[in-house]
Every structure is written in structure tokens, then in C-alpha cells.
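The values are calculated or read from the model by the stated rules, or taken from the named source; none is laboratory data. Computed from a predicted structure; not experimentally measured. Note that we place each Cβ from the backbone using ideal geometry, even for glycine, and neighbour counts take in every protein chain shown.
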Amino acid sequence: MTDGTLIVAGAALGLGAGVSGAALPRRFRVTAAATLVWGACALEAAPAVHVLATGHPIVLRSAELLPFTGVDLVLNPLGALFVLLVAIVAVPATLHGIGYAQHGSATRSATCMFPIFVTTLLLVPSAGSVATFMVLWELMALTSLVLVLVDHGRSQAAQSAAAWYAVFTQGGAALILVGLLVLAAHANGQSFAAIAHHARHLAPAVRGLVFVVVLVGFGSKAGVVPFHVWLPKAHPEAPSPVSALMSGAMVALGVYGIVLVGDDLLGGGPVWWWLVVLGLGGASALFGSLHAASSTDLKRLLAYSTTDNIGLALLALGASGLFEATRHPLLASLGLVAALVLVLNHAAFKGALFLSAGSVQVATGTRDLDQLGGLLRRIPQTGALFLVAAAAITALPPLNGFIGEWLLFQALLHGAASGNTASDIAVPLAVAAMALTAGLTVVAFVKAVGIGFLGRPRSEAADGAVEVPVTMRLAVGLLVGACIVLGVIPTLVFPAVERAVKTALPGVGTALLAHGVDVQLVGLRGVLAPATLAGTMTVAVLVVLMLRRVLAHQPAPRVVEAWGCGRQLQTARMQYTATSFAEPVQRVFDDVLRPVQDLDVSHVAESRYYIEAATFHNAVDDGIERGLYRPVIGAVRRWGQAARALQPGSVHRYLGYGLGALVLMLAALAMIA
């Protein structure tokens with residue numbers, strides 16, 4: 001069976017999984033659909049591995065599937081890397097879904113749409129023409145929209161989240177379509193190969209307009225500020241396996257689209273393009289990390305951290321384009337390598353975190369950190385897995401989050417004095433944004449682990465939590481294992497990443513050289529030995545454990561509750577809540593967050609001088625939604641209310657409207673003539 005046949009067979013198997021999810025009885029359909037999805041992932045991953053190993057693209061064309069345009073599939077190394085990324089997240093997410101379905105999400109619509117969603121995610125990076133790309137992109141968007149409504153479709157929050165997501169995803173798709181159609185019209189053909197051949201000869205104004213339009217379109221899918229508003233709404237409402245795929249894989253395809261158009265099709269651009277990308281990346285990283293640090297809903301926290309991490313990837317992508325525009329090819333290559341490594345690692349640890357959040361919700365029935373606590377004792381395996389994934393996202397060595405941020409820092413550090421004025425100003429600002437983002441991310445996940453998993457339970461649901469089914473724990477364990485392997489031996493993926501970089505930046509040399517398990521920058525000063533670092537840290541831990549055993553004859557220390565300040569008697573009401581933990585951050589960034597606070601005091605009936613109860617409420621809404629989108633929505637509603645006066649139900653008035661329109665049209669034709 002050829003590689004092209006494997007791609008087609010994988011697509012057919014994925015669609016078959018959707019059919020089985022809709023047709024089979026309840027007790028069979030989840031397992032059957034999951035098994036077929038795993039087969040589809042394997043069939044799509046095999047040719048992707050072959051492409052990355054050889055560098056030779058796979059080309060498939062059929063004139064029969066889509067009317068007028070046909071189907072064009074071209075899998076090159078850049079697309080193959082993203083196919084593997086999707087498969088890495090999809091297999092554990094599907095495994096997790098088997099256990100998750102026992103507590104909901106086993107409906108026919110869910111088990112039908114989920115495999116189709118995975119299949120379109122696998123096929124989008126293989127699209128080789130405008131029509132094929134847009135059909136797959138729209139199928140991906142529509143299936144994910146249905147899945148957002150699966151768990152809580154009748155709730156007002158789910159309907160609101162779906163409405164926001166629908167507006168942003170369809171608006172973004174429209175912008176992408178406009179940009180690609182402009183390129184196709186100038187190329188006199190819709191294939192990406194023809195567009196790439198002709199796009200370099202377009203007028204600079206047209207190229208710049210297309211890049212900005214497409215950047216906004218793909219940025220809305222990636223959750224980039226200020227187009228991120230749908231993301232913290234949709235993730236909490238979607239089932240956790242869907243959230244893992246949306247955050248780990250779907251938003252990554254937004255980054256893929258920017259690389260595809262900006263580097264591959266347009267062949268790079270002037271400095272101002274990439275300054276815009278740098279600005280969006282820095283704003284996204286800071287805004288996302290700040291709201292993650294102040295969120296008390298676990299899945300909302302993870303959603304904002306997606307904006308944070310995609311912002312870091314855009315910082316790397318913007319730096320790459322900036323260095324290419326200022327003729328620093330090694331730095332350009334290093335920046336793009338950092339962007340792809342950041343996206344790949346984000347898929348692993350964010351998938352693990354969202355699946356863990358789903359396990360916590362199944363075990364306790366809540367995502368509210370203020371209602372959790374003590375979970376590390378009650379669900380120790382889930383808690384330990386969440387702890388490792390949280391350490392990875394905070395870039396602690398030797399886990400995979402560290403290597404991506406190290407590469408980004410090296411690219412920015414070496415490009416801080418490139419000789420270009422714009423670059424010399426923008427790069428230090430990017431370093432500052434990266435440093436502040438790292439600190440806020442640590443605050444967010446110290447809060448998530450400390451408040452949610454340590455201390456004492458703050459509710460009966462947390463106190464009665466029991467471990468989730470083994471399939472759910474195994475699914476998270478697979479992604480956590482990937483976080484460890486990619487952190488200790490990152491050179492496993494560097495050859496594939498370098499081939500993808502050479503596809504997007506042809507003619508630019510590589511900036512990485514792998515010596516066994518060590519990483520050395522070519523032509524630049526920078527060496528990292530993650531395996532040695534991991535070994536040293538392991539030895540240090542073993543030494544501490546041995547010393548503890550040797551000193552075991554000493555009087556036993558007094559044991560108290562974690563976070564108990566040394567007190568013997570500790571209750572949940574004495575501990576920090578997520579709200580109180582985030583208060584210092586809110587105070588520092590009060591002008592940005594603008595929290596809404598309310599104190600309700602009830603007095604006893606006998607005297608207003610004695611307080612019976614006091615309730616404090618603190619909420620942080622999205623400032624961009626409040627300041628930018630809500631006024632627009634309000635204006636549209638007012639216009640809609642005013643427009644109702646034009647529809648009184650009178651036939652005579654409608655005939656008058658028609659007559660007026662006819663007169664205006666004839667007058668316009670007369671003026672033209």
C-alpha cells in the first residue's frame with residue numbers, strides 16, 4: 001500500500017468511525033469509534049513519518065470528490081509535522097473519551113462528530129489547494145462547534161459559548177478565504193504550488209493586505225489577542241477530550257496557517273509584517289498568563305494559558321520573520337525551530353492538563369478551584385500526572401516546556417543587536433514580555449496545584465473524590481510520558497522539525513546540530529545537555545532520599561497539614577482559596593483586570609450593629625470583551641431594534657420600499673450611462 005493510499009484509507013476509516021458512532025448501540029459505539037479513530041491516526045501518521053524521514057512530499061489529486069475544483073492533497077514536511085502533532089493528542093484524547101463517556105458525552109451526535117473532527121484535523125495540513133483547504137477547515141470548525149454543545153447544550157452558558165465560537169470561527173474562515181482567493185486570482189490557479197510561484201511577484205501593497213487579512217483569520221482560530229474571546233468560553237463547556245484537541249491541536253493549526261501563508265506561499269515579507277506578529281504574540285502571552293493567574297475555574301485557567309503559550313509561539317514566529325527580513329538566516333531558522341518546538345510541546349502538556357481537568361471534574365463534579373483541595377490524597381494518580389504536566393507548562397527542566405522557551409530565548413538573545421533599529425527595539429521588549437509571562441504562568445499553576453490538590457477539601461464533593469477509570473489515567477499518562485521524553489531527549493524530534501523549517505524557509509541553513517542527546521547551536525553560542533541535567537537532578541533527589549533514610553533514627557518531626565502554617569488544628573476555611581491567592585496579582589494589575597467586587601453584609605434582626613453573615617464576591621471578566629466587543633454587540637442590538645420599525649407588516653409600505661429601490665437603481669444606471 002502506497003503512502004498516498006494510506007492517507008485516503010485513513011480518511012475513510014475516520015469517516016467510518018463517525019458512521020459507527022452514529023449507528024451502533026450505546027454500549028458498542030464509543031469503543032468501536034475510538035478503535036477506528038486510532039486506526040485512522042496510525043494510517044495518517046505513517047506517511048507523515050515517511051515524508052519527514054525522506055523529505056519527499058506526497059501528492060494526490062482527484063477530480064471526482066469536489067465538483068469543479070477536485071481535491072488536492074500535498075503532504076510536505078511542514079504539514080507532516082502537524083499531522084503527527086494531531087495524532088499525538090488525538091490517540092490519548094480518544095482513549096480518555098472511553099472512560100469520560102461513562103459519565104456523559106456518549107450521545108450519537110458526540111460519538112459521530114468526534115471522529116470526523118479528528119479526521120479533519122489530520123487532513124487539514126495535507127491540503128494542497130484553496131478549495132480543499134477551505135472545505136476541510138470548515139468541516140473542522142463545524143464539527144468542533146457541535147461538540148462544544150454536547151455536554152451542556154441546553155444551558156445558557158453553552159449556547160452563549162457556541163454563539164461566540166461560531167461568530168469568530170466563521171468570521172476567521174471568511175477572512176482566510178478572501179486572502180487565499182486574492183492569491184489564487186493573481187496566480188490564475190488555486191493550487192498552493194501555483195500561488196507560491198506567483199505570489200512573490202505581487203505588488204507589495206497586495207501582499208501586505210493579504211498577509212494581514214490571513215493573519216487575523218488564522219489568529220482568531222489560534223486564540224490570539226484580541227480574537228481570543230471565544231476560547232475561555234468554549235473550553236469550559238466542551239467535553240475534556242474535545243478541549244484537549246481544540247487546545248492542543250486545533251489552535252496549533254492556526255499557527256500552521258500563518259507559517260503556510262507568511263513563509264511558504266508569500267515567501268516572507270518586510271519588517272513591519274513580523275513586528276505585527278511580535279506585537280500580537282507579546283500581547284497574547286501577557287494577557288493570557290495574567291488572566292490564567294486570576295481565574296478560579298480550572299478549565300478557564302487552562303484556556304487562557306493556551307492564549308499565553310500560542311503568544312510565545314507567535315513571538316518566536318515573529319522573531320524568525322524579522323531576522324529573515326533583516327538578513328540573519330541562522331537566527332531566522334532558529335526562531336522558526338523554536339516556534340514549532342513550542343507548538344509541539346504545547347500539544348503534549350496542554351492535552352495532558354485538559355484531560356486531567358476532565359478527570360477532576362468527573363471525580364468531583366466541579367471545576368471551581370475554590371471548591372476543591374486535598375485531591376492529591378484522594379486521587380493520587382490523577383494528581384501526580386497533573387503535577388508533572390503543570391511543571392512542564394511552567395518550563396521547569398528537564399520537562400519539555402523548558403527546551404522550547406530556551407530556544408526562543410537563544411534566538412532573541414542572539415538577535416538583540418542585529419543592527420536594525422526596529423529589531424533592536426522590538427527584541428528586548430519581546431524578552432521582557434517572555435520573562436513576565438513566565439512568572440505569571442508559574443503563579444497560575446502554583447495556584448492550580450496548591451489550591452486544587454493540596455491542603456484540605458473545601459467541599460463534600462472534593463472530600464469524596466475517587467479515582468477515575470484506568471483508561472482516563474492511562475490517556476493522561478501517555479501525554480505526560482511524552483512531556484518527559486521530549487524534555488530529556490528533545491533531539492528525537494529535531495530532525496523532523498528541521499525538515500519542516502527547510503520547507504517553510506528554503507535556502508536558509510539550519511541553526512541546530514544534535515550531538516547525541518545534547519543540543520548545540522550552529523554558528524551561535526549555545527549548548528544544552530538536557531539528559532545530563534535530568535540525570536543530575538535525579539542523583540540529587542536520590543541523595544536527599546538517602547540522607548533522609550540515614551537520619552531516620554533522629555526524633556520524628558511533628559507532622560502537620562500542608563499549608564497549615566504549623567497549626568495542629570487546621571480547617572479548610574483557614575486555607576487560601578484560589579480567589580485570595582490571586583488577589584496580590586489582581587492588585588498589581590488592577591488597571592488591566594478591573595475585577596468586579598461585591599460585599600453583601602446581613603445584620604441580625606435585633607440590631608443593625610451586629611453582623612450575621614458577610615459574603616464577598618470577586619469576579620474578573622475579560623477586559624477586551626467588555627471594552628471592545630460588548631459595545632459593538634450593544635450597537636448592533638440597538639440598530640436591530642430600530643430596524644423593526646421598517647417592518648410594520650404593511651403590504652403598502654413594502655411596495656413603497658420596492659418602488660424606492662427601483663427608482664434609486666434607475667437613477668444610478670442613468671448616471672453611469
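Can you find, within the stretch 339-397, the residue that is farthest from the chain's Cα centre (by Cα) among those that are among the β-branched types (V, I, T), part of a helix (DSSP H, G or I) and more than 30 Å from L260 (Cα to Cα)?
Of everything passing the filter in the stretch 339-397, T364 is farthest from the chain's Cα centre (by Cα).
Which helices (runs of 4 or more DSSP H) does the stretch 117-200 wholly contain that include 2 or more residues that are small (G, A, S) and without any contact (Cβ under 8 Å) to a residue 60 or more places away in the chain?
Once the helices (runs of 4 or more DSSP H) in the stretch 117-200 are filtered for at least 2 residues that are small (G, A, S) and without any contact (Cβ under 8 Å) to a residue 60 or more places away in the chain, what remains is 156-187.
Listed here are the residues, each with its yes/no results for (1) in a loop (DSSP other than H, G, I, E, B); (2) over 21 Å from the mean Cα position of the chain (by Cα); (3) free of Cβ contacts under 8 Å to residues at least 24 places away in the same chain.
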{"site": "V431", "(1), (2), (3)": "no, yes, yes"}
{"site": "L436", "(1), (2), (3)": "no, no, no"}
{"site": "E467", "(1), (2), (3)": "yes, yes, no"}
{"site": "L478", "(1), (2), (3)": "no, no, no"}
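Being surrounded by fewer than 17 Cβ atoms within 10 Å (Cβ to Cβ) and either at pLDDT 90 or above or of a type outside the set (D, E) (or both), is that true of even one residue in the stretch 95-106?
Yes, some residue in the stretch 95-106 is surrounded by fewer than 17 Cβ atoms within 10 Å (Cβ to Cβ) and either at pLDDT 90 or above or of a type outside the set (D, E) (or both).
With respect to R637, is the statement that it is closer than 30 Å to V596 by Cα, surrounded by 10 or more Cβ atoms within 10 Å (Cβ to Cβ) and either basic (K, R) or modelled with pLDDT of 85 or more (or both) true?
It is true that R637 is closer than 30 Å to V596 by Cα, surrounded by 10 or more Cβ atoms within 10 Å (Cβ to Cβ) and either basic (K, R) or modelled with pLDDT of 85 or more (or both).
Taking the stretch 295-310 on its own, how many of its residues are out of contact with any His (no Cβ under 6 Å at 6 or more places or on another chain) and closer than 22 Å to T364 by Cβ?
Total meeting the criteria: 8.
Six or more apart or on different chains, Cβ under 8 Å: which pairs go from a residue in the stretch 279-304 that's in contact (Cβ under 8 Å) with a residue 24 or more places away in the chain to one that's of a type in the set (K, R) and outside any helix (DSSP H, G or I)? Could you list them?
D297/R367; L298/R367; K299/R367; R300/R367
Just checking, does the stretch 28-42 include any residue being in a helix (DSSP H, G or I), more than 30 Å from L492 (Cα to Cα) and hydroxyl-bearing (S, T, Y)?
Yes; the residues of the stretch 28-42 include at least one that is in a helix (DSSP H, G or I), more than 30 Å from L492 (Cα to Cα) and hydroxyl-bearing (S, T, Y).
So in the stretch 570-591, with the set limited to residues that are of a type in the set (A, V, I, L, M), farther than 16 Å from F453 by Cβ and within 26 Å of the chain's Cα centre (by Cα), which one is surrounded by the most Cβ atoms within 10 Å (Cβ to Cβ)?
Among them, the one singled out is A582.
For G10, all conditions in the list (1) of a type outside the set (S, T, Y); (2) part of a helix (DSSP H, G or I); (3) more than 27 Å from V255 (Cβ to Cβ) hold save one; what is the number of the exception?
Result: G10 fails condition (3) only.
So which residues in the stretch 450-465 are farther than 16 Å from T577 by Cα and within 29 Å of the chain's Cα centre (by Cα), if there are any at all?
Within the stretch 450-465, A465 is the sole residue that qualifies.
Residue check: is L492 out of contact with any His (no Cβ under 8 Å at 6 or more places or on another chain) and loosely packed, with under 15 Cβ neighbours inside 10 Å?
Judged against the criteria, L492 is a match.
From the residues in the stretch 424-446 that are among the aliphatic types (A, V, I, L, M) and farther than 22 Å from S305 by Cα, which one is surrounded by the fewest Cβ atoms within 10 Å (Cβ to Cβ)?
I425
Tell me the helices (runs of 4 or more DSSP H) entirely within the stretch 224-317 that contain at least 1 residues that are among the polar types (S, T, N, Q) and closer than 21 Å to T394 by Cα.
240-245, 271-294
Just checking, does the stretch 49-67 include any residue being among the charged types (D, E, K, R), surrounded by 19 or more Cβ atoms within 10 Å (Cβ to Cβ) and farther than 15 Å from L122 by Cα?
no
Are any of the residues in the stretch 376-384 more than 18 Å from L492 (Cβ to Cβ) and in contact with a strand residue (DSSP E or B) (Cβ under 8 Å, 6 or more places away or on another chain)?
No: the stretch 376-384 contains no residue that is more than 18 Å from L492 (Cβ to Cβ) and in contact with a strand residue (DSSP E or B) (Cβ under 8 Å, 6 or more places away or on another chain).
Say we look at the stretch 1-47 and pick out the residues that are over 19 Å from F117 (Cα atoms) and within 27 Å of the chain's Cα centre (by Cα); which of these is surrounded by the most Cβ atoms within 10 Å (Cβ to Cβ)?
Out of the qualifying residues, it is P47.
Taking the stated definitions as given, is F402 assigned to a helix (DSSP H, G or I), touching a residue at least 60 places away in the same chain (Cβ under 8 Å) and crowded, with 24+ Cβ neighbours inside 10 Å?
Details: assigned to a helix (DSSP H, G or I): yes; touching a residue at least 60 places away in the same chain (Cβ under 8 Å): yes; crowded, with 24+ Cβ neighbours inside 10 Å: no.
For F402, the condition - assigned to a helix (DSSP H, G or I), touching a residue at least 60 places away in the same chain (Cβ under 8 Å) and crowded, with 24+ Cβ neighbours inside 10 Å - is not met.
Kindly establish whether R525 is under 30 Å from G321 (Cβ atoms), among the basic types (K, R) and out of contact with any Phe, Trp or Tyr (no Cβ under 8 Å at 6 or more places or on another chain).
So R525 passes the test.
Out of S289, S359, which single residue is in contact with an Asp or Glu (Cβ under 7 Å, 6 or more places away or on another chain), buried (at least 24 other Cβ atoms within 10 Å of the Cβ) and at pLDDT below 95?
Just a single option satisfies the conditions, and that option is S289.
Name every residue in the stretch 270-283 that is under 15 Å from A332 (Cα atoms), out of contact with any Asp or Glu (no Cβ under 9 Å at 6 or more places or on another chain) and surrounded by 20 or more Cβ atoms within 10 Å (Cβ to Cβ), in order of residue number.
First, pick out the residues of the stretch 270-283 that are under 15 Å from A332 (Cα atoms): 270-271, 273-275, 277-278.
Subsequent filtering for residues that are out of contact with any Asp or Glu (no Cβ under 9 Å at 6 or more places or on another chain) retains 270-271, 273, 275, 277-278.
Hits for the stretch 270-283 are W273, V277, L278.
In the stretch 152-182, what residues are surrounded by 14 or more Cβ atoms within 10 Å (Cβ to Cβ) and of a type in the set (K, R)?
None; the set is empty.
Condition test on T421, is it surrounded by fewer than 19 Cβ atoms within 10 Å (Cβ to Cβ) and among the hydroxyl-bearing types (S, T, Y)?
yes
Being within 22 Å of A33 (Cβ to Cβ), small (G, A, S) and crowded, with 22+ Cβ neighbours inside 10 Å is the requirement here; does S129 meet it?
When the stated conditions are applied, S129 does not pass them.
Take V214 and decide whether it is in contact with a helix residue (DSSP H, G or I) (Cβ under 9 Å, 6 or more places away or on another chain), buried (at least 20 other Cβ atoms within 10 Å of the Cβ) and assigned to a loop (DSSP other than H, G, I, E, B).
When the stated conditions are applied, V214 does not pass them.
Please indicate, with yes or no, whether at least one residue in the stretch 54-71 is under 22 Å from F494 (Cα atoms), modelled with pLDDT of 85 or more and either among the charged types (D, E, K, R) or in a helix (DSSP H, G or I) (or both).
Within the stretch 54-71 (the criterion being under 22 Å from F494 (Cα atoms), modelled with pLDDT of 85 or more and either among the charged types (D, E, K, R) or in a helix (DSSP H, G or I) (or both)), the answer is yes, since at least one residue qualifies.
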